[in-house]
Amino acid sequence: MADLIESARAILSLSERRVEATANNVANLTTPGFKSERLYSETSPETDLHAPETSQLKRLDLAQGRLSKTNNPLDLAISGPGMFQFRGVDGLPVYSRSGQFKLGDDGRVVNAQGLALQTADGGDLILSTDAIKVLADGTVMEGERPVARIGLYRPTSGGQFLSIGGSLFRAPGDGVEEVAAPDLRQAMIENSNVVLGDEMVTMMEALRTAEGGARLVQNYDELMGRAISTFGQGAR
Amino acid sequence: MSGAFYIAAVGLDAQQQALDAIANNISNVSTSGFKRSQVRFAETLASVPAEDFVRADLGASASTSSGVRPEIMHLLNEQGRLESTGRPLDLAINGAGFIELMGPGGQTLLWRGGALDLGDDGKLTTAAGLELKANISIPADTTAIEIGTDGIVRARTSASEVIEVGQIMLVKVENPASVELLDGGLYRPREQARLADAKPGEDGAGILVQGSIERSTVDLNQEMVSLLMVQRAYAANAQIVQAADQLMGLANGLRR
């Protein structure tokens with residue numbers, strides 16, 4: 001019988017996490033480069049009685065978002081594979097497809113989270129002006145002079161980027177390689193790939209599942225109550 | 001406690017700020033020299049666990065996502081369309097430069113041009129009465145003022161003489177983020193702002209155009225589309241708040 005209550009608990013907690021993931025997706029409906037997150041559950045292999053029945057997995061939908069024009073020279077969108085490389089707060093590189101940049105105080109090109117964009121040769125991209133031209137292969141031109149090249153990276157041989165959130169990634173264990181034929185679009189952004197309809201359906205489904213879980217708990221409680229009163233009478 | 005509440009609340013707040021920016025853009029659709037601002041969203045991460053992002057086993061670790069963060073950027077270097085007014089004291093800049101003004105407290109203010117005026121002492125000022133840093137005095141018997149594309153101001157006196165009275169210089173702002181927007185089409189450079197002096201016509205600073213004003217860079221179509229998007233996103237976030245509330249209600253109703 002305790003298994004029943006454990007299952008109900010797992011159902012309730014899973015639904016809550018689902019709604020949370022949906023909340024984050026919806027909050028980032030308009031965040032460029034954001035990839036929607038989905039929660040999956042699978043039956044837990046453990047035989048331990050006290051382990052929850054299901055474990056939850058987070059997966060990202062890495063589909064390309066639609067590109068839209070912004071007319072800001074420091075907005076860059078990636079069409080096709082690859083991610084920009086940034087210097088993370090701990091010094092390790094992080095990757096993202098979100099390409100809305102601005103100039104930091106010292107001329108460094110940073111994203112909205114303040115992480116510095118890295119060039120293909122390594123090192124921060126430093127500009128003296130935002131009147132730049134970025135070619136499709138990532139070459140940055142100040143006037144007629146190429147000053148740097150922005151590299152796009154993807155995991156080597158079939159690996160996958162490890163997600164930190166919906167828009168930031170770490171390199172997989174096998175490392176990354178440069179994308180051979182990058183396709184950058186200047187003055188455009190890649191929109192978030194969150195589909196509002198899907199999110200609402202997921203949310204409704206999670207709510208109904210939670211209701212089911214709650215019923216389970218109530219039924220269990222009722223059964224236990226009845227058992228106690230029946231056996232209590234018998235003993236008298 | 002469900003994080004969905006907070007995440008959705010942050011989402012509502014972000015869309016609200018986006019709405020403010022759009023409203024400001026739309027209300028300035030016909031303000032001369034106005035530069036539109038753009039809202040940028042970025043995901044916020046609450047805590048980043050040190051390693052193992054592979055399969056975020058949410059049972060073991062807290063969710064790292066915590067919503068969205070809006071940021072408002074002024075797109076200063078976007079050129080507005082020039083419109084000829086024929087008024088000799090209207091001045092526009094075709095290019096990325098700014099005209100330096102002397103603020104009331106002596107501080108530097110930046111201006112994208114607009115209507116000029118003559119102060120009581122014959123000084124060239126903006127229509128709002130702020131003096132140009134170039135400090136140009138127009139002689140009392142002037143009948144016409146000419147401003148060249150290179151910024152040189154010439155006064156034609158009643159004696160049909162043309163005298164050069166000064167030159168309006170431009171400054172280039174290297175980083176639009178280092179400038180803050182004031183009202184009346186004025187900008188104030190922050191302390192760390194790098195301003196580069198430039199002669200009109202040189203280094204991409206742009207040229208001065210007399211008798212014209214620069215239209216606002218707001219594109220009404222684009223703003224309207226953004227407005228609809230913001231409205232829908234706001235409603236969706238509100239739905240999430242309701243769903244989170246229902247979940248909490250369920251949990252509260254477990255014990256009858």
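The values are calculated or read from the model by the stated rules, or taken from the named source; none is laboratory data. Computed from a predicted model, the values in this text were never measured in an experiment. We place every Cβ from the backbone using ideal geometry, glycine too, and count neighbours over all the protein chains shown. The area values use the complete protein model at the heavy-atom level, side chains included, leaving out ligands, DNA and RNA. Shrake-Rupley method; radii C 1.70, N 1.55, O 1.52, S 1.80 Å.
Per-structure values
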item: Filter result for residue B:248 (under 21 Å from residue A:191 (Cβ atoms) and either more than 12 Å from every other protein chain (Cβ to nearest Cβ) or open to solvent by less than 90 Å² (accessible area, probe 1.4 Å) (or both)); result: no
item: Looking only at the range B:13-30, and only at residues there that are surrounded by fewer than 20 Cβ atoms within 10 Å (Cβ to Cβ) and in contact (Cβ under 8 Å) with a residue 60 or more places away in the chain, the one that is nearest to residue B:84 (Cα to Cα); result: B:30
item: Any chance residue B:155 is without any contact (Cβ under 8 Å) to a residue 60 or more places away in the chain, away from chain A (no Cβ under 12 Å) and buried (at least 20 other Cβ atoms within 10 Å of the Cβ); result: yes
item: Residues located in the range A:63-91, provided they are open to solvent by 80 Å² or more (accessible area, probe 1.4 Å) and at pLDDT 85 or above; result: A:64, A:66, A:69, A:87
item: Residue B:78 under 30 Å from residue B:38 (Cα atoms), outside any strand (DSSP E or B), in contact (Cβ under 8 Å) with a residue 40 or more places away in the chain and open to solvent by 20 Å² or more (accessible area, probe 1.4 Å); result: yes
item: Subset of the range B:74-88 (residues that are under 19 Å from residue B:29 (Cβ atoms), at pLDDT 85 or above and not small (Gly, Ala, Ser)); result: B:79, B:81, B:82, B:83, B:85
item: Subset of the range B:139-167 that is at pLDDT below 85 and of a type in the set (A, V, I, L, M, F, W, C) - its residue that is farthest from residue B:210 (Cα to Cα); result: B:159
item: Strands (runs of 3 or more DSSP E) (entirely within the range A:101-216) containing at least 1 residues that are facing chain B (nearest Cβ under 8 Å) and surrounded by 14 or more Cβ atoms within 10 Å (Cβ to Cβ); result: A:101-103, A:109-111
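Every residue, every condition in (1) without any contact (Cβ under 8 Å) to a residue 60 or more places away in the chain; (2) within 30 Å of residue A:95 (Cα to Cα), yes or no:
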site: A:163; (1), (2): no, yes
site: A:168; (1), (2): no, yes
site: A:171; (1), (2): no, yes
site: A:176; (1), (2): no, yes
site: A:182; (1), (2): no, yes
site: A:189; (1), (2): no, yes
site: A:209; (1), (2): no, no
site: A:214; (1), (2): no, no
site: A:228; (1), (2): yes, no
